[in-house]
Amino acid sequence: MTASQTSPSAACATAPSAVAVEASCRLPVLFFAFSSATWLLFGAVLALLASIQLYQPSFMEGCPWVTYGRLRPAAVNSLVYGFALQAAFGLALWLIARLGRVELTNPLGLFIAGKFWNLAVTVGVVGVLAGDATGFDLLEFPLYAALPLFASYACIGAWALITLKARTERTLYVSLWFVLASLLWFPWILSSAQGLLLGWRVPGVVQAIVAGWFGNNLLQVVLIGMALAVMFYFVPKVVGRPLHSQSLAQNGFWLLLLIGGWTGLSQLSAVPAWIPAVSGAANVLLVVPVVVLVYNLYRTADGNIGEAWKRSGVFRFVTVAAFLLLLVTLRNAVFGIGSGARYTQFTYFAGARTDIMVLGVFGLAALGALHYIVPRLTVGQDELPSDGLVDLAFWASVVGLVSVAIGYSFAGLAQGAVGATAERNFLAEAVTGVAGHLKLVTFGYGAIGVGALAFLANFGLALRRCCAACCGGVR
Amino acid sequence: MNHGPLIAAGAFVSLAFSWAALVMAPQVQLGSLAPAPIPNTSDVHPANRPGLAAQGAEVYRSLGCYQCHTRQVRQDALLYGARLVDRGSNASTINLELPGSGRTNLVNFNLLIALAKSRADLGITPVAVPPVLAADTNLAPVLKEFATELKLLKQFDDKARIVRSTSKTVNELAATLPVEVLERTGPDEAERAVKLINDAGGKAELVIYNLGPDIERGWGARRSVARDFVNDSPVLLGSLRVGPDLACLGSRAPEKFAAPWKPASTNLTAEIEQRLLDHLYNPRLVAPASTCPSAKYLFATKQPEQRFAGEPLQVPGSDKPVYPRHEARALVAYLLDQRLDVGLPEAPVTKSAAPAKVAAAPAKP
Amino acid sequence: MSKKKHKPSPAAPAAAASQRVPKQAAAQAAESEPGVSVASPSSAWPFVALGVLLFGCFLYVENTGGAFRADVFQGDYKTPPRAAAKSPEEQLLDRGRQVYAACAACHQPSGLGAPGQFPPLAGSEWVLHENPNRVIRLVLDGVGGPMTVKGAAYSNVMVPWRDVLSDADVAAVSSFIRNNSDWGNKASFVTPAQVKAIRDETKDRSGRPWTADELLKVP
């Protein structure tokens, strides 16, 4: 039972029925779910192929389209724009509709905008493989793909915000704060970064600073914010208890927004000393809002965790995602300042932050949420048809992500040891010596791909049942 | 917190804070940086890239080399020293500044006087001016008179890393000028030492030590600073070192490369260019342990139609020459264009007379 | 990307019917939306932790932030590095380059002069003579009449600079033209003391330009 602080009037009279809400969500949200899962599979495969090239340079050599320098940005950008952002849109729309008890505005328009987004991402990935990458991390799509991307987001974001405004449930639950902040944050940072890097160009290293600022805001505020929205929705829902504390949620939310945008630049080198110093300090400060938010979730579920873990697949995903969020924030804090930052600068350790945040924190939370949303919107149940595939998706994703994280981290630490002193031989120790760790990374990407495939298979089963029910036949 | 516009406004303000601090402030500080003039020449650093190298930058970006290589050198510490260049008009007094003279150095002289004044319990004989020494005086016996003071001074000397040995005559030491009399200290001590020596009639100059593993590896003479990249767009700094740093390829010594070689001629630039072309064609030829992908597609097997396409590349281990395409030559020109040996106001370099010794732990100023 | 479009299937409302139960008496907890506990405690510990960490961050930025300056890249310093002091020779050359700007009008920045009109300085035997006595006299009092420079004949007048340039400036520009590596000139430097000595020695000339023959008599 939940006891919430709703205003008594608005809800019952004009609220559309839950069936109508779900009906309006069906087309766009299922489309976003399907395409994001497909992009997850595609991105994981690209990342796997790229990681093989790190220790086996003769793999796919001789073709400029799949050289490592093009394959890796294609993989990362397809994971971020193809998988993560589309999943974020689908989740945002669904959360707005469910929590606001309102039908989605213009589902067909959202679907077409989603199609355009996919088209833009495809063109962008092909452009990167063709050699037109811009050179900025997480912003590699060339201009001819970046502009349609922004245009389709404008439609998606506008309709999502109109839906939010038209909500019948006037109380904004915590998840909707994060959703609203992310939906607004994304176009603001995207337009700033595109404008300053591809339009009216800032000179020299300021480009690197702006690109780093954009990438960090995208990961730390937009994606982590959406992951937190998912966590704050599902944890209380699954354990059947209200959220522990409103004020802690508020404090955590505002501190995350204030501090999150300042982190991530702590390992820039050719810039005035104050920039990495300030950013490293923000990395440490960020521990406070993350601890506050995760503690809130923990106190909500306290006592029921074991039982909920056994009962609900969603809860498993979301719990691991919350734990990873805490872990990655602490990791960034420890290795973002002082000698830790210097040791891991320019190594795989620092680069793993993107993978852990996109695939781990956001990826697991989103995948868990989709495991609830997809059956809800297709067959009308809380669980996908095959429990075995749910387990496979969970364990494959978790094992994959942990392998990637550990592989990159230890490879990075080995590189750091070589980089810290001039006596060690670069080629023998920092290149050949990390091949073993990188093989673990390859395995990890493969496992993530298997997890995505398991989810897609389950999705297919759910659709088959839905189709069968539509056209008659036994459920 | 039920008011949507309130949250939107709060989000905007939060974003504005981080934007102002991390986008606007750096742009205000660095937006008007221009190349700096190089003293005694009419050049500026960084110079505008010649056309071929500018095209090479496009090839570098297009192939994604920045995913595996950085173009920035790091530095752990910046320390100062004083170098004695000439004994000048007061040779005998300046002789005392030579490392190994064993006598109280001028640079620490006022320290000794201050110490004598303030710590009477130490029993230091107050010394006014060091007596003049003849040019070939053997210093060892002179040392004995100053044993106590030397012991005390040694503590300060160790902090300042003054090199002392006690076996040579003054003339032998004088033959090895220019020589560092103060190594790896803070800016104030070093400047005071230079001033003292110059006032005493000799000639000394301030020396700068750029310390750090990147610099000791030979990847650059100093750190990279913002001004080094004012002409680059996109900046392509790189953030991961799968392969070695490329900031200084154009001015790196052959033994400092990741796969070093013995230079066969005096034209180092031509040798580096040849090796880079070989590396692009098949990195395993140049460095067997390298995991750099080969860029064979930048080379043609048939003689190209243009008249001035350049020399064919004789690949070691194969009898058929390959012809580097324009992109390959442009990329190599770009890589050779990277230099980091010129000093800038925010990152000076001193041409070393004596090679700086590799320190285990440089002293903090 | 295939699209999945669905009309509500007949079986769906059966499962969704349970959702129409009023919120307050929701039969299954899973069907109602999450809410926030009414008795939610608020505590100050996040702000205390934030305050402590913030203090630590200020200390950290103070020590490694390089005083927020644009030209400080080593975090432990608060000012940009001291310039490596220039040797007196370097200072003379820099000053000489600046003074030479006035001479460049005739002798050109490249030191090549104009054929038939202004003699070159690059490679000129007058400039590169083993001691600077002739050059100093040239600069102080000018030269006029026929003169042979590098095998070519010139006949022009150079104005005196005695009253315009100080000893230091004459020494600087003389050192510069004798040592400009861009021109390939390399000879000894000139000190202000040398200039002063010659200025005093020739103070009776009162600005009368030298002739080539007179200069050749100067050792």
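Table for the structure above
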read-out	value
Amide hydrogen neighbours beyond the local backbone of B:D86, cut-off 5 Å, H modeled	B:K203
Cβ-based exposure ranking for B:E216, A:E103, B:E183, in which fewest neighbours within 10 Å come first	B:E216, A:E103, B:E183
From phi via Karplus (6.51, -1.76, 1.60), per-residue ³J(HN,Hα) for the stretch B:275-286 in Hz, x at Gly/Pro	5, 5, 5, 4, 5, 5, 5, 8, x, 5, 5, 8
Ordering of C:39-51, A:319-331, C:99-111, C:70-82 by packing [mean C-beta count within 10 Å, highest first]	A:319-331, C:70-82, C:99-111, C:39-51
Cα-based helix-to-principal-axis angle, A:435-470 vs chain A, degrees rounded to 10	20
B:D43 long-range amide H proximity, modeled H, under 5 Å	B:I38
Gap separating the Cα centres of the stretch A:158-205 and the stretch A:212-259, nearest whole Å	15
Helix A:224-239 axis, angle to chain A major axis (alpha carbon atoms, nearest 10°)	40
Net dipole in debye of the stretch A:339-475 [+1 Lys, Arg Cβ; -1 Asp, Glu Cβ; about Cα centre; nearest 20]	220
Global geometry of the stretch A:235-389, whether rounded, prolate or oblate, following the gyration tensor of its Cα atoms and the 1.5 cut on a/c	prolate
Packing-based exposure ordering (other Cβ within 10 Å, fewest first) of A:F317, C:F55, B:F17	C:F55, B:F17, A:F317
Relative contact order (percent, whole number), chain A, Cα cutoff 8 Å, 6+ residue spacing	17
Between the stretch A:273-349 and the stretch B:177-216, the Cα center-to-center distance that results, in Å	47
Cα-Cα over 21 Å, subset of B:K296/B:K320; A:K439/B:K296; B:K203/C:K196; A:K237/A:K310; B:K351/C:K78; B:K203/C:K78	A:K439/B:K296; B:K203/C:K196; B:K351/C:K78; B:K203/C:K78
Spherically averaged projected area of the stretch C:88-217 from its Cα convex hull (nm²)	7.0
Taking the convex hull of Cα positions in the stretch A:1-137, its mean projected area over all directions (nm²)	11.4
Rel. contact order, % - alpha carbon contacts under 8 angstrom, at least six apart, the stretch C:133-193	27
Under Karplus coefficients 6.51, -1.76 and 1.60, residue-wise ³J(HN,Hα) of the stretch A:420-433 in Hz, glycine/proline x	7, 9, 7, 6, 7, 7, 5, 5, 5, 9, 8, 9, 6, x
Mean shadow area of chain A over all directions, Cα convex hull, nm²	22.8
Hz values of 3J(HN,Hα) by residue in the stretch A:145-157 - Karplus curve (6.51, -1.76, 1.60), Gly and Pro given as x	9, 6, 5, x, 4, 5, 5, 5, 5, 4, 5, 4, x
Average Cα contact separation per residue, the stretch C:88-217, under 8 Å, 6 or more apart, as relative contact order %	30
Fewest-first ranking of A:R70, B:R284, C:R137, using other Cβ atoms within 10 Å as the exposure measure	B:R284, C:R137, A:R70
Dipole magnitude (debye, nearest 20) for the stretch C:88-217, charges at Cβ of Lys, Arg, Asp, Glu	180
Alpha-carbon centroid distance for the pair the stretch A:115-131 / the stretch A:356-419, whole angstrom	24
Angle in degrees between helix A:18-55 and the longest Cα principal axis of chain A, rounded to the nearest 10	20
Long-range amide H partners of B:D76 with built H, under 5 Å	B:L211, B:G212
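Where a number appears in this text, it was derived from the coordinates with a stated rule and is not lab data. Bear in mind that the values here come from a model prediction, so they are computed numbers and not experimental data. Neighbour counts run over all protein chains shown; Cβ positions are idealised from the backbone, glycine included.
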